[in-house]
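Accompanying notes for the structure given below.
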């Protein structure tokens, strides 16, 4: 990415964010332009290390990956990042309902202080041991028994009841991320649940108002977020995603994991009936093993079987949420797995709901096309939220980090393909360096 000539003038306003996923870590840095667009100053992506299902487990490996990705974005705008916001993507995030009330003053009018005191009461609520409240989301304010008030300030009332949804997760999610960032002298400003960040990137306000469920099929976790009447009403997560599809291909075809991943990405699709039976992929023999052929149809059926399990699992969560009959806008799919051909048709068939694949609705001022891939959506939404929340002159601790030398990686993918039109056969050619067990 090119360096921006106006960076020096806007240095104080640069905001950096990191999306820590199970398969990749994405970092973005940017500012808001005068016309309200987001100007991306730095963008980097590295493979996740020491992370499983969104949780940092191996601190040392995570430190190396975070140092690498942050160093890359720093080089793009020639400055140091001292503080970041992080997207939380663990599978133990849950929604808890909380109700509170208070009586108004003698004037009988709901004031801003009344609302803030209710909010503070929720924040000070005692969580379960090891749990932390990450977000408090107002659902409804009931004025003297009358529900349906989203902004009650100024109403005449004796009593106000409030309904909140709390997004909770293990406190360890924060502790481990903060520990890793501290080792490279980066201050953790805020953790935002990734459901909110991704929704900011791909859902329209009309969809949120009509009722919509965002389903993000990541590598290790599948996340669902339900919006209704413009408010986030429910969050849930399933502890498996695209990686289990790759494992099924590996086992079903008796091939290496990295080859299975490449098969899925390059030639996989979501429905076996739509796959061309006459097309096959040939995996050359190695180390004395015979070559093998895998048909597109067989590959698609392996993928479909596991996808159906994922779809049924998140649909079960939707049914249990109580909002199934309120989702007028249907399902919006995102995550790397959403790029599979015919996945929308399969989701419609299994759920009976309308569905579409997500795309960014955020107005990026520069190089919009570079951020049209699902791997950037969460970070992009997080950057928008962070810029909106950013306070000028925030105190940050700057520290110089020891920048590790980047490992040289072989150019090109794991294999090349050659399509022969006459035989409609695809041959997979692998480098010898790629032949290793995962």
*asked:* Please go through region 331-379 and give me each residue that is touching a residue at least 40 places away in the same chain (Cβ under 8 Å) and part of a strand (DSSP E or B), ordered by number.
replied: 331, 332, 333, 334, 341, 364
*asked:* Going by what's in this entry, would residue 249 be described as assigned to a loop (DSSP other than H, G, I, E, B), more than 22 Å from residue 94 (Cα to Cα) and in contact (Cβ under 8 Å) with a residue 24 or more places away in the chain?
replied: no
*What are the residue pairs meeting all of these: first residue in region 289-317, first residue modelled with pLDDT of 95 or more, second residue surrounded by fewer than 18 Cβ atoms within 10 Å (Cβ to Cβ) and assigned to a strand (DSSP E or B), Cβ atoms under 9 Å, and 6 or more apart or on different chains?*
300/341
*Just checking, which of 173, 119 is touching a strand residue (DSSP E or B) at 6+ places or on another chain (Cβ under 8 Å), assigned to a helix (DSSP H, G or I) and surrounded by fewer than 16 Cβ atoms within 10 Å (Cβ to Cβ)?*
119
*Looking at (1) touching a residue at least 24 places away in the same chain (Cβ under 8 Å); (2) surrounded by fewer than 19 Cβ atoms within 10 Å (Cβ to Cβ); (3) touching a helix residue (DSSP H, G or I) at 6+ places or on another chain (Cβ under 6 Å); (4) farther than 20 Å from residue 138 by Cβ, find the lone condition where residue 217 falls short.*
(2)
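Residues are listed down the side, and each one gets a yes or a no for (1) in a strand (DSSP E or B); (2) farther than 24 Å from residue 58 by Cβ:
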site	(1), (2)
153	no, yes
180	no, no
191	yes, no
200	no, yes
*Can you find a residue in region 154-170 that is touching a strand residue (DSSP E or B) at 6+ places or on another chain (Cβ under 8 Å), within 19 Å of residue 224 (Cα to Cα), in contact (Cβ under 8 Å) with a residue 60 or more places away in the chain and surrounded by fewer than 18 Cβ atoms within 10 Å (Cβ to Cβ)?*
yes
*Check on residue 191, touching a strand residue (DSSP E or B) at 6+ places or on another chain (Cβ under 8 Å), assigned by TED's automatic domain parsing to the domain that holds residue 108 and modelled with pLDDT of 90 or more*: no
_Suppose the filter is modelled with pLDDT of 95 or more and under 16 Å from residue 203 (Cβ atoms); does residue 331 pass it?_
yes
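The values are calculated or read from the model by the stated rules, or taken from the named source; none is laboratory data. Worth saying up front: this structure is predicted, and the values here are computed from it rather than measured. In this analysis, Cβ positions are derived from the backbone assuming ideal geometry, glycine residues included, and neighbour counts consider all displayed protein chains.
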